1. Taking a label point 7 Å from Cα toward Cβ, how far is B:ALA43 from its twins in the other copies, in nm, shortest first?
2. With chain B treated as a Gaussian network of Cα nodes joined by springs under 10 Å, which of B:THR75, B:THR88, B:THR183 yields the largest mean-square fluctuation?
3. Pairwise over distinct Cα atoms, reciprocal of the mean inverse distance: report the Kirkwood radius of chain A in Å, one decimal place.
4. What is the helix-to-structure angle for B:91-108, meaning the angle in degrees between its Cα long axis and the longest Cα principal axis of chain B, kept from 0 to 90 and rounded to the nearest 10?
5. Go through A:ASP165, A:ASP150 and list them by solvent-accessible area, largest first, probe radius 1.4 Å.
6. Distances from A:ALA184 to the same residue in each other copy, label points 7 Å out along Cα→Cβ, in nm, shortest first?
7. Roughly what angle does helix A:184-195 make with the longest principal axis of chain A, taking Cα atoms, 0 to 90 degrees, to the nearest 10?
8. Taking a cut-off of 20 Å between Cα atoms, list the lysines near A:LYS67, but don't count ones fewer than 8 places away on the same chain.
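The values are calculated or read from the model by the stated rules, or taken from the named source; none is laboratory data. A quick note: this is a predicted structure, and the numbers were derived from the prediction, not measured. Please note: Cβ atoms are built from the backbone with ideal geometry, for glycine as well, and neighbour counts cover all protein chains shown. Each accessible area value is taken on the protein alone, full model and side chains, heavy atoms only, with ligands, DNA and RNA left out. Shrake-Rupley method; radii C 1.70, N 1.55, O 1.52, S 1.80 Å.
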Number of protein chains: 2
Amino acid sequence: MSPELAREPVAPRPHTGRRRNPAVRQAVLDRAAELLAGPDGMAVSIDAIAQAAGVSKHTIYRWWPSKGAVLLEATVERAQKEVTVPDTGALTTDLEAFLADTFRAVDEVAPLLRGLMAEAMRDTVAADGMREFISARRNELRGLLVRGLDRGELPAETDLEMTIDQIYGLMWYRILIARSPVTADVATRLARAVTRPGAPG
Amino acid sequence: MSPELAREPVAPRPHTGRRRNPAVRQAVLDRAAELLAGPDGMAVSIDAIAQAAGVSKHTIYRWWPSKGAVLLEATVERAQKEVTVPDTGALTTDLEAFLADTFRAVDEVAPLLRGLMAEAMRDTVAADGMREFISARRNELRGLLVRGLDRGELPAETDLEMTIDQIYGLMWYRILIARSPVTADVATRLARAVTRPGAPG
DNA sequence: CTTTGACGGAACCTATGGTTTCGTCAACTG
DNA sequence: CAGTTGACGAAACCATAGGTTCCGTCAAAG
């Protein structure tokens, strides 16, 4: 409370004491992802994760605020394989490549995403994180489409948000509801359908 | 075990005793729907439904196998407002009307559908019922599209399943993830985008 | 009047998310 | 080396919720 103490608002104390064990973090995330992707992924309990990771439940809650946070981090870590956003100057080509890349990355972790979605329905941490993730993806896709729009490769009246909803709508629909794969082939056909360069594939 | 008794495999005994009270059934479904659509719809407990309906928990489990079954029935009962499947001979018109009708019915119960979906992620009864419901809707839409295809209003190479996925994908994406409304206006634009009769709306 | 079965109330069991306590051990500092 | 900080494991603990069971009561049919 003294001015002397208040002068240093966030004292960057050099962290004494035992350090966090990185292996613990990784083990938790790895087991969480495995269990989440397993046949019974909708019902992963914290106890199960702790036991599988050979870690105490206490330690998990020491570093993550809720089960949703664990599942979110485990999933994002695996889905974040960098999806390149191409900019070759041709909309259909760019979109096709972007979607193929996205779908490939997402299809691998589809069971993860289903489980995470189930958790996000109840856990606000997971929900917020997922929204953020989804929003970032939308922004990249929107940028790609806007470039095409500016080059006149899309009709000026195109409803961008609806186009984006169509694309990600199909993706999530197949992941969450239909449980059918999203392949590079689907990416190609969808890209053509949305940009409609004449006849569909 | 005697032949005489075995001869009547399912004896349709005329049901003696006290009858089921229809008001109980209705009260449970009504309160369940209300709670599910409420601000906290993701976390409706059986106890809460029982209490709100002025009914014993025992009675609920007497008639429904699980919470998911209750929520499913409550939702379907409200979403089953008959959606007419028009057949005027013009694909775009038919599709537009069908989607407008569907979206109007679905948009009203969007919170219900979100809650039911959350439950379906864990309860197989709810999941199976939902799949059935979704499958029936897909079949109607497919029929409508096939008629247009037969009349040559769609390119012969059109991938019907992907078209259906695009449509219902957008709908579910807006309901579950974006939480944006699905309006008659969206129906119009989507119908035109999918049938692409020249320029988009 | 007797039987059947619906209904309410309440106790009960189990699983799970989340918290707390305690003891131990590893790392850094003086 | 000694003391302090803090990560970690073990286990008890609490609250909530889904689901079951038991009991007593009441309504409808023969």
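1. 2.1
2. Ranking B:THR75, B:THR88, B:THR183 by mean-square fluctuation puts B:THR88 first.
3. With all distinct Cα pairs of chain A included, I get 19.4 Å.
4. 40
5. Sorted by accessible area, descending: A:ASP150, A:ASP165.
6. 4.6
7. 60
8. Cα-Cα hits under 20 Å: A:LYS57.
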